[in-house]
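The values are calculated or read from the model by the stated rules, or taken from the named source; none is laboratory data. These figures come from a predicted structure and were not determined experimentally. Positions of Cβ are backbone-derived with ideal geometry, glycine not excepted, and every protein chain shown enters the neighbour counts.
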């Protein structure tokens with residue numbers, strides 16, 4: 001074996017060890033969360049955790065349904081705000097803007113992902129919450145406020161993946177449609193969208209995972225009431241907020257119940273990621 005072959009073999013072995021270490025860390029985290037959270041779920045029954053309406057840990061009431069519903073309400077609102085804006089931006093950058101403008105604006109948009117979530121939360125408290133309180137009523141800290149902020153926060157994810165999906169469509173599709181007499185908008189709606197549909201679905205699913213896993217901004221502007229919201233103007237508490245707010249002082253079964261909350265959140269996000277990966281693989285095929 002030559003020196004170059006030996007070095008190449010050592011490099012491959014080192015990279016393989018790094019890859020396995022990353023997977024091992026994920027496995028350890030998963031086992032830790034499930035080992036801490038599942039015993040109390042089976043002690044009181046999974047149904048009590050998933051469908052219980054009351055969260056009073058001091059009285060052994062661990063109902064997570066208000067937080068589960070609140071998480072999905074806030075996430076659905078964020079998608080209603082972020083997905084149309086993200087798709088519109090992706091369409092403009094790929095179908096109407098020049099390549100030079102696209103090369104400049106795409107990195108700028110992706111910089112939004114680097115802004116700390118607490119900054120979004122401050123903007124929500126200073127700007128959005130007072131506007132809702134003064135014009136629509138209610139406390140201002142609400143599902144609507146959290147949805148608006150999260151809708152902006154998921155924009156980089158939706159825009160970037162949607163742009164990649166549109167750019168993956170062969171140029172001949174667009175050129176052939178326009179050559180047959182279709183307008184640019186007809187081409188986008190009837191040719192580009194169907195061809196890029198799987199990538200767009202993956203963008204929406206990953207944006208959903210980003211929204212449902214957000215913590216700090218939601219704590220600051222959602223109101224954190226452990227009850228099922230009756231309207232978009234009502235305060236709400238999400239699964240992530242529940243963990244962050246109470247883990248600092250929880251002990252005993254209360255702490256275990258918060259780990260059970262993490263188990264439920266982990267399963268939801270993993271399901272969304274698996275669905276996104278399956279959708280992306282289908283698009284590639």
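Here are a few things to note about the model shown:
- Applying the condition of being surrounded by fewer than 20 Cβ atoms within 10 Å (Cβ to Cβ) and under 20 Å from the mean Cα position of the chain (by Cα) to segment 219-244 and asking which residue is nearest to residue 38 (Cα to Cα) yields 243.
- Which listed residue, of 227, 211, 202, is under 19 Å from residue 93 (Cβ atoms) and touching a helix residue (DSSP H, G or I) at 6+ places or on another chain (Cβ under 7 Å): 202
- Selected residue (criterion: modelled with the highest pLDDT) from residues of segment 53-69 that are closer than 16 Å to residue 253 by Cα and touching a helix residue (DSSP H, G or I) at 6+ places or on another chain (Cβ under 6 Å): 64
- Identification of helices (runs of 4 or more DSSP H) wholly contained in segment 196-285 with 3 or more residues that are over 20 Å from residue 65 (Cβ atoms) yields 197-212, 216-221, 253-284.
- Some residue of segment 128-143 being at pLDDT 90 or above, in contact with a strand residue (DSSP E or B) (Cβ under 7 Å, 6 or more places away or on another chain), surrounded by 13 or more Cβ atoms within 10 Å (Cβ to Cβ) and in a helix (DSSP H, G or I): yes
- Qualifying positions in segment 87-105 - under 20 Å from the mean Cα position of the chain (by Cα) and over 30 Å from residue 141 (Cβ atoms): 90
- Looking at 118, 152, 169, 108, just one residue is crowded, with 16+ Cβ neighbours inside 10 Å and assigned to a helix (DSSP H, G or I), and that residue is 152.
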